[in-house]
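A short write-up of the structure that comes next.
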Ligand SMILES: Cc1cc2nc3c(=O)[nH]c(=O)nc-3n(C[C@H](O)[C@H](O)[C@H](O)COP(=O)(O)OP(=O)(O)OC[C@H]3O[C@@H](n4cnc5c(N)ncnc54)[C@H](O)[C@@H]3O)c2cc1C
Ligand code: FES
């Protein structure tokens, strides 16, 4: 029998709500699938489309964005800005051969441990069903400045 | 500016990786030695070590020692959440003379060992996260924390016992305090009670002197009948806008003689008094209760004849005479305050008993809530302290139902913590005042405070009846002559395993505590969060119980969760001390996660200008670039995300750092 496909997932969470929820899942010793790698930003409004595409290009099979509930953003409305970007990007993803379901945006409040678990479990299962991402045209959208830095120093 | 050569003088970076066992919290799941071995293989890692408790003194000393010995220029600590120990290890870095921001914390406890079932998976996940951080930290820059002067002064929101106590502590320490209360008087719920458990001291005797001290204190300004409408700025430098609602009696001119109330055309009080929960009456011009602070009457425009018809003989105005204190044209007034810190002490609301129709509240006149009975028992309440049924007779028997709206899947799951105790208090007082037989219907008796269990014992000896079981129903449906014209409480007595019917004359519902109805709006106003059920969330349930996630904003009292008066006062003192620790600093250090704009890449498109929620970016017409006004930036990073050329960046969350972290989490060895 084939070994079950285990997706690689990136979760980019805002510091004040969704990352707090992720911490709380831990403190409450609630278990979830190990596939997700969590990156912390101050606000979901910091997350731009290029960053998400970069995650896909680097091998993520799915990207989860977590922000505060509408109205609860620590910086007024960064989460609405994230919503707008994600909505637009989802429309573009098929052009790169990425199913829009591979990108998910959720609002998770700081005390919503159970919701966090459900979201991660649900997303992992969904991407597991979808199978690995096979990029046809790797989106090369990283600002040139960084390309140079990274290749010069790290990949050398 | 960016790039990892910036602080290594051309030498390749040298990273030290320190992995914590956290006792068995991490090491019990993650194979730490394997992760250490793995870390040693990562590019630029000069040393990787493990230790039982990295945050302990020996752990910190080890890191400092290794920084020197191995000439480290970057530091990674893989341990708990950055929300817990980031500060600790930044300090370690600085003490060993590495810039504290050339450090990255890797959360392998909350995000890995505690949430992963399988040890192998957990180990792999920890490796990936360390790899990600080891890539990211290469791009860290040396930063200095931003320093700002701290303004003196504190706004306390909510004038219950929590707000009052916090205000007094701070004012006595010489701090300028603005106490904002939305009701006409300060005092909160405590001002409504007659006696307080477990000591049965009279609430007014211990509260009223405090209220008076607040009013007289040279360092306290009471803004009553007022609400905070806007909060801006940041820790140490808040701007708070307060709306003073019109009371139509000018506070500065009023001498508190109440001749205006006497002279009102309504000779007798006719309208339900809100403070008495409608059980007592007031005139259109009134003070909510005799000990109100400030002792200034107010006019209710809904019931005042002058407001309704414009044709009142205005007895109040004549009585006030030359003092000229009545002003029918008073308008909202906005007061702007600049302060260093804020305490939110907005208290609680009680559960609305009509949500449980089977208890008959609002259906049978002799079903009361605990709070209403507090008013009836109060010597300065609507009945002068006498508890009578609606027909004017003394009750012969009283049933007190505990946990109404608490500990129930269908209403609120939490225990309200004070209901058992106030039920006992009411039982005692009812027996003392009316001689009635008193029955308590309880699920469990929760009496965990100092002197509480002893109070319960005392009641058992006083001959109050205790029936263990959740009441099914209160009705007026009589099955025996004894039940005629009475209320029947139907309950399964779980101690004797039998359904019982207890006829009583009066039912008291011990309603639970709930967050204020506007809790959500208040959290938005102050940029704080709610925990489950809308109680305000503390920064850490154990280690930072009065702080919030917003620096400079603190919590006191029942707004954070159900609490009795002793706990409320203790917490208010703690909040006051935390604020004093803040305002007594001359400067405050703020996380340097602000934005910066690299002029070389800025095309002057101005997208960031419109997006910034704090108007911290403006356009320089001459240079044709966007410029950041740093003190206004609170570090959300929305400009960095929106900038098409990568010119706008956010310190600690720069493009390079995030790209490197994501890449490291996904690709590479291991
Ligand atoms: C029936 C009953 C009996 C009790 N008996 C006892 C007892 O005997 N002993 C005991 O220890 N505890 C008792 N308690 C508990 C006690 O009431 C609380 O511990 C205490 O009142 C909490 O104080 P607080 O200041 O946090 O909140 P509160 O007393 O609720 O005060 C909050 C204040 O903030 C104001 N406010 C709210 N929102 C705003 C806003 N947005 N802007 C400005 N102001 C605002 C409110 O008007 C109020 O004045 C009893 C509780 C109940 C319900
Ligand atoms: S801070 Fe959570 S979305 Fe903005």
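Taken together, the values in this text are just the output of simple stated rules run on the coordinates, not laboratory data. Predicted model, so just to flag it, every value in this text is computed and none were measured. For neighbour counting, all protein chains shown are included, and Cβ atoms are generated from backbone atoms with ideal geometry for every residue, glycine included.
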Cα-based Rg (one decimal) and Dmax (whole number) for the range B:128-285, in Å?
23.2, 81
Determine which residues of the range B:608-627 fall in the zone a paramagnetic label at residue B:645 would reach in this model, i.e. backbone nitrogen under 19 Å from the point 7 Å along Cα→Cβ.
B:608-612, B:617-627
Cα extents of the range B:352-514 along the three principal axes, largest first, in whole Å?
40, 38, 31
In whole Å, what three semi-axes, largest first, describe the equivalent ellipsoid of the range B:344-414 built from its Cα gyration tensor (square root of 5 times each eigenvalue)?
25, 18, 10
Rounded, prolate or oblate: which fits the range B:15-143 when a ≥ b ≥ c are the square roots of the eigenvalues of the alpha-carbon gyration tensor, with rounded for a/c under 1.5 and prolate only if a/b beats b/c?
prolate
Mind computing the radius of gyration and Dmax over the alpha-carbon atoms of the range B:436-540? Å is fine for both.
19.5, 60
Crossing angle, helix B:119-136 versus chain B [Cα axis fit, 0-90 degrees, rounded to tens]
70
Nearest 10 degrees, 0 to 90: helix B:82-95 Cα axis against chain B principal axis:
50
Indicate, rounded to the nearest 5 percent, the antiparallel portion of the DSSP beta bridges found entirely in the range B:352-514.
40
Is the shape of the range A:9-141 rounded, prolate or oblate, going by the alpha carbon gyration tensor and its root eigenvalues a ≥ b ≥ c, with a/c under 1.5 for rounded and a/b larger than b/c for prolate?
oblate
Would you mind pulling out the separation of the Cα centroids of the range B:18-53 and the range A:35-72, in Å?
27
Along Cα→Cβ, 7 Å out, is where each label goes; now give me the distance between the ones at residue B:49 and residue B:334 in nm to one decimal.
5.8
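How large is the Kirkwood hydrodynamic radius of the range B:251-379, in angstrom, based on all distinct alpha carbon pairs? Write down the numbers at each step before the final one.
Working: mean 1/r = 0.0564 Å⁻¹.
With all distinct Cα pairs of the range B:251-379 included, I get 17.7 Å.
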Would you calculate, for the protein assembly as shown, the mean residue ellipticity at 222 nm contributed by helices, counting each DSSP H stretch of 4 or more residues as -39,500 (n - 2.57) and dividing by all residues, to the nearest 500?
-8500 deg cm²/dmol
Taking the number of other C-beta atoms within 10 Å as the exposure measure, put B:350, B:494 in order starting with the fewest.
B:494, B:350
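Please state the relative contact order of the range B:426-485 as a whole percent: Cα pairs under 8 Å, 6+ residues apart? Spell out each step's value before the answer.
Working: 47 pairs, mean separation 20.8, N = 60.
So the answer I get is 35 percent.
Can you sort B:605, B:530, B:205 by how many other beta carbons sit within 10 Å, fewest first?
Going from least to most buried by this count: B:205, B:605, B:530.
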Against the longest principal axis of chain B, how steep is helix B:203-216, in degrees 0 to 90 to the nearest 10, with axes from Cα atoms?
60
Checked the range B:311-436 against the a/c 1.5 cut and the a/b vs b/c comparison, axes a ≥ b ≥ c from its Cα gyration tensor; verdict oblate
Please quote Rg/Rh for the protein assembly as shown to two decimal places, taking the Kirkwood radius as Rh and restricting both calculations to Cα atoms.
1.04
So for A:57, B:216, fewest C-beta neighbours within 10 Å to most, what's the order?
B:216, A:57
In Å and from the alpha-carbon atoms only, list the Rg and Dmax of the range B:591-651.
10.1, 31
Any idea what diffusion coefficient the range B:259-323 gets from Stokes-Einstein, in µm²/s, Kirkwood Rh on alpha carbon pairs, 4 °C, 1.567 mPa s?
106
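When the Kirkwood hydrodynamic radius is evaluated over all pairs of different C-alpha atoms of chain B, what value in angstrom, to one decimal, is obtained? Before the final figure, lay out each step's value.
On the way: mean 1/r = 0.0342 Å⁻¹.
Hydrodynamic radius (Kirkwood, Cα pairs) of chain B is 29.2 Å.
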At 0.36 nm per residue, minus the direct Cα-Cα distance, what do residue B:570 and residue B:41 gain on full extension? Give it in nm, one decimal, please.
185.2 nm
Evaluate the relative contact order of chain A (contact order divided by residue number), counting alpha-carbon pairs under 8 angstrom at least 6 apart; express in whole percent.
32
Rh by Kirkwood over Cα pairs, then Stokes-Einstein D for the range B:301-368 at 1.567 mPa s and 4 °C, µm²/s
72
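Of all beta bridges DSSP finds with both residues in the protein assembly as shown, what is the antiparallel percent, to the nearest 5? Numbers along the way, then the final one.
Working: 50 of 114 bridges.
Given both bridge residues lie in the protein assembly as shown, the antiparallel proportion sits at roughly 45 percent.
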